[in-house]
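A short worksheet on the structure shown next.
The values are calculated or read from the model by the stated rules, or taken from the named source; none is laboratory data. A quick note: this is a predicted structure, and the numbers were derived from the prediction, not measured. Glycine gets a Cβ as well: all are built from the backbone with ideal geometry, and neighbour counts include every protein chain shown.
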Amino acid sequence: MEIITEYNWLLVIISVMAAIGSSFVALSTVPRIYSASSGQRSLAWVAAFGLSLGTGIWTMHFIAILALQMPIPVQFDITLTAISLLLAIIASAIAIVPLRSGGHLKTFALKTLFIGTMMGLSVAGMHYTGMAALRMNATMHHDSTIVALAIAIAIIASTAALLIANRLRDTRIFSQMPTKTAAAIVMGIAVSAMHYTAMEGMRFVELAIPHHFTEVIDPLILAIFILIIAFLIQGGIIIMALFDEAYTISEESTRAMKQRADINKSLSEILSLALENMTLSETLQKVLDVLLAIEWLALDKKGSIFLADSKSSCLKMVAERNLGDDLKQLCASVEYGRCLCGLAAERKTLIFKSNIDADHVTRPDDMEDHGHYCVPILSPAGLLGVINLYVQPDHVKNSEETTFLTAVADAIANIIQNKQLESQADKIFKAIDQAGEAVVITDVNGVIEYVNQAFCSNTGYSEDEAIGQNPSILNSGNQEKVFYEKMWATIQSGEVWQGEIIEKRKDDTFYPAMLTISPIRNSSGEITHYVGIHEDLSEHKTLEAQFRQAQKMEALGTLVGGIAHDFNNMLAGMVGNLFMVKRKMKGMPELTEKIERVEKVSFQAAEMIKQMLIFARNEEVEMHQISFSAFIKEAFRLHQIVIPENIQINKEITGHDLMIRSNPTQLQQMILNLFGNAVDALKQTKAPAIILHVEQIHADQNFCVKHRDARVGEYAHMMISDNGHGIEKEHLERIFDPFFTTKEVGKGTGLGLSMSITIVKSHDGFIEVESELGIGTAFHIYIPLVAEKQINAESETLTDASEGRGERILVVDDDDTLRSTTAETLESLGYKTIVAENGRQAVELYHSSSTDLVLMDVVMPEMGGPEAARIILEHDPKANIVFATGYDRADSLQALKGIEEIPVLSKPFQISELSRTIRLLLD
């Protein structure tokens, strides 16, 4: 007979509440499984989950059986009951294993569905094993459809429970309470629904013959046992979970504090590297060392840092650690957009890869699998570089790492910008400090805060001496007070002041300077400092004076050249007429002697003109051998005109020829400078006197010790001394400096002695000065002697001219007097003459008449001598031609290119010299 059953609804509710409560406890253990830091702790919490959910399901099952009231006694088989309990616990534990230590389940993954199905079958198996454990005098009959439905509900409920657990795997016990409570209710009702659905598919038929069962347990005892055990288990598990969560939170807090401390320490170390005196590359190497030493960062111990080159759109590796040679070469330069670092540069975003993929295009042959953090280094101005760090394959990206690495990139950006600014500032500082012009920076009150090296070398003040002082330490007194007042008014108004001034060195010597003062403003536009640039104009003034002197000498040379031509022509006419007078007065020795004196004076005048030309010539004259003593005698006669008559002159010039290699023009300039200084020094002297002393000396070792510029050998020594006021001792060391002068302002250029020492040095000599206040000054010039060459000088003795033999000579000159005098002189020697006043007439006469020789001036109107000579030689290559010029012989020779073999006589020439030259050509 079928037994009629009914439910005790209070027990039904208790069974459902038991399922809900155990579900809540089980869900509370899931975060412990997920976050367990060790495998043992994870397995322990897997067991706790299985025990919690398994006992909860089992408790709900047996309370629900107790809720089913039947008119017959019901008992339970102990063995099957225990098996059903273990089955529930084991199935629950196995199902939650995928969530261990950070694991997770995907909603529609086959793995999730498989585990849910197995857990559902296990729950169903627990149910039917528990039902099989019933011992009563009745048989159970199951509806297969209901059984299938119950199993399906078990599978769905199990899968839902797993997905809910997966969703709440990273929560705390009492966090998200509404969600967790709702999840527990859903799980509890779902499990209960499976049980009560299965019970609806069962029928109980009472046995006709009652059975007696052994190894059974009374339902009341079992119920009490189940409730006590369930309460203890669930309470113990929730308490253990609370303690474990508190411990984990404490661990996490400690770890977070340590991590924050490590982060702060690392960032502090990285930022402090910017303060060390290292190059940017060295600094970034140290940054890599700091990063790779951080324990909580899951990094391989290798990486690199690149700097961006915006012009070429490339990254340049500047620092690396533990990269192989292949990678160093392949990654030395990376284009934007290429490989991971290039992508980070192009996108300006952090790139993370847990493994090598298609984006990782740079791959050496032996490369092992790995991951990357590629972090762009950014500034407001744009990309500065990229940090490239290696991680283990399959590494999981987390926010702590990305946040820290982004902060590191920001710190490195500051380092790069600071180093770049430092480098730029260092270049600017070195450029200013090593500039050729003196630079002074003052505050708004004019107190010096900075001076460069040029300032120290130009002024003689050291940096320590100058800083804290006022630029007025350079005031020479040559500018009036109002000058400086205008200067200050200009710069205080914010304008730039520029002007040429005379400044004073520490040793009280003066020098010209171009001063430019500019205001320095802050970001608000306020003037905070002034910068003054002092350009020493000494060398510029020297060159300027030399240029002006060169212009003067060029003009003088032109003037003297013109005068010399006319003067020499007049002397030539005079010599010619004297020659004819002397021939007519043969036998009258008293008169001829006087005529010869006049003739000699004429040639001395011509020699003086030559010296004037040498002195005035602008071009560089080659060094050649001269007699120093003879030159000084002639030079003295030339310069004597600049010496006032009230000055007594004592000459002591050796009679020996002191042969030196010299430039006469330079020697003339030096002697003029020294005589000029001596004359200026004697203006206030009552009995002024100048001594000129020239001698030969032998410089031995003792002499060289006393005169440091001397070398062992023979020297020509010239002394020019005066008995003037003398030179102060502190000025002696600087008298040869350009623009240094002891004369009043406007009375001297300060260049004379500077030029003199330059001239002496160009002659391989040296110059010394002795001076005593109130006694006078002596300048000693030493020039080395050279071996004397044999010079076959023409005798100055006037000899008789060779007589002509009636040959016809064409005399060509634009000076009427000289032309007629020359023709008359030649005729007196027995020659026939015809005359022409320029080259064109000479050519016509030569072609139209029989001519044996042409005596022709060089420079003439219409056609000069050289052009006429070329035309004549073109028609008659054997023509005899002699040039006579009143200009400098060297200048005249320059016009004779191609006809250099034609003899050249310098006017005034001796008639005997002219006669010999003519006879050499005609004979």
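Picking from residues in the stretch 579-594 that are among the hydrophobic types (A, V, I, L, M, F, W, C), over 10 Å from THR825 (Cβ atoms) and part of a helix (DSSP H, G or I), the one that is modelled with the lowest pLDDT is LEU591.
Listed by first and then second residue, the pairs linking a residue in the stretch 764-775 that is in the same structural domain as ILE671 (by TED's automatic domain parsing) and part of a strand (DSSP E or B) to a residue that is surrounded by 15 or more Cβ atoms within 10 Å (Cβ to Cβ) and at pLDDT 90 or above, with Cβ atoms under 6 Å apart and 6 or more places separating them unless they lie on different chains, are PHE766/TYR782; ILE767/ILE781; GLU768/HIS780; VAL769/PHE779; GLU770/ALA778; SER771/THR777.
Can you name every residue in the stretch 684-703 that is closer than 21 Å to GLY724 by Cα and free of Cβ contacts under 8 Å to residues at least 12 places away in the same chain? Across the stretch 684-703, the qualifying residue is only LYS686. Taking every residue in the stretch 840-869 that is within 25 Å of GLU913 (Cα to Cα) and aromatic (Phe, Trp, Tyr) and pairing it with any residue that is modelled with pLDDT of 90 or more and part of a loop (DSSP other than H, G, I, E, B), at least 6 positions away or on another chain, the pairs with Cβ-Cβ distances below 9 Å are TYR846/ASP876; TYR846/ALA879. Just so you know, in the stretch 311-329 the residues that are crowded, with 16+ Cβ neighbours inside 10 Å and out of contact with any helix residue (DSSP H, G or I) (no Cβ under 8 Å at 6 or more places or on another chain) include one that is farthest from ALA409 (Cα to Cα), and it is LEU327. Would you check if there is a residue in the stretch 354-366 being touching a strand residue (DSSP E or B) at 6+ places or on another chain (Cβ under 9 Å) and surrounded by 20 or more Cβ atoms within 10 Å (Cβ to Cβ)? The answer is no, given that none of the residues of the stretch 354-366 is touching a strand residue (DSSP E or B) at 6+ places or on another chain (Cβ under 9 Å) and surrounded by 20 or more Cβ atoms within 10 Å (Cβ to Cβ). When each of ILE527, ILE520, ILE533 is tested for being in contact with a Pro (Cβ under 6 Å, 6 or more places away or on another chain), at pLDDT 90 or above and over 17 Å from GLY477 (Cβ atoms), the lone residue that passes is ILE527. Checked against the criteria, ASN458 counts as assigned to a helix (DSSP H, G or I), in contact (Cβ under 8 Å) with a residue 40 or more places away in the chain and over 29 Å from LEU299 (Cα atoms).
Tallying residues that are surrounded by fewer than 18 Cβ atoms within 10 Å (Cβ to Cβ) and modelled with pLDDT under 80 within the stretch 549-577 yields 12. Is there a residue in the stretch 385-404 that is hydrophobic (A, V, I, L, M, F, W, C), in contact (Cβ under 8 Å) with a residue 12 or more places away in the chain, in contact with a Lys or Arg (Cβ under 9 Å, 6 or more places away or on another chain) and within 15 Å of LEU288 (Cα to Cα)? Within the stretch 385-404, one or more residues are hydrophobic (A, V, I, L, M, F, W, C), in contact (Cβ under 8 Å) with a residue 12 or more places away in the chain, in contact with a Lys or Arg (Cβ under 9 Å, 6 or more places away or on another chain) and within 15 Å of LEU288 (Cα to Cα).
Pairing residues of the stretch 495-508 that are farther than 22 Å from HIS529 by Cα and not assigned by TED's automatic domain parsing to the domain that holds HIS529 with residues that are at pLDDT below 90 and not basic (Lys, Arg), at Cβ distances under 7 Å and at least 6 apart in sequence or on separate chains, gives no pairs at all.
As a summary of the residue check, THR817 satisfies the conditions (1) touching a Gly at 6+ places or on another chain (Cβ under 9 Å); (2) polar (S, T, N, Q); (3) at pLDDT 90 or above except for the one numbered (3).
This table checks each residue for (1) aliphatic (A, V, I, L, M); (2) farther than 30 Å from LYS582 by Cβ; (3) modelled with pLDDT under 90.
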residue	(1), (2), (3)
THR833	no, no, no
ASN838	no, yes, no
LEU845	yes, yes, no
ASP852	no, no, no
MET860	yes, no, yes
GLY864	no, yes, yes
ILE872	yes, yes, no
ILE881	yes, no, no
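It is to be established whether one or more residues within the stretch 422-438 are of a type in the set (Lys, Arg) and loosely packed, with under 15 Cβ neighbours inside 10 Å. Yes, some residue in the stretch 422-438 is of a type in the set (Lys, Arg) and loosely packed, with under 15 Cβ neighbours inside 10 Å.
Looking at ALA407, ALA413, ALA489, just one residue is of a type in the set (Gly, Ala, Ser), in contact with a Gly (Cβ under 9 Å, 6 or more places away or on another chain) and in a helix (DSSP H, G or I), and that residue is ALA413. Where strands (runs of 3 or more DSSP E) fall entirely within the stretch 639-717, those with at least 2 residues that are closer than 21 Å to GLY752 by Cα are at 689-699. Taking the stretch 842-882 as the range and being surrounded by fewer than 21 Cβ atoms within 10 Å (Cβ to Cβ), in contact with a strand residue (DSSP E or B) (Cβ under 9 Å, 6 or more places away or on another chain) and among the charged types (D, E, K, R) as the test, the residues that pass are GLU844, ASP852. Selection of the stretch 892-909 for residues being assigned to a loop (DSSP other than H, G, I, E, B), under 17 Å from ALA606 (Cα atoms) and at pLDDT 85 or above yields only PRO908. Taking the criterion of being buried (at least 22 other Cβ atoms within 10 Å of the Cβ) and at pLDDT below 85, no residue of the stretch 378-398 qualifies. Only one of the listed residues (ILE501, ILE467, ILE412) is of a type outside the set (S, T, N, Q) and under 25 Å from the mean Cα position of the chain (by Cα). That residue is ILE412.
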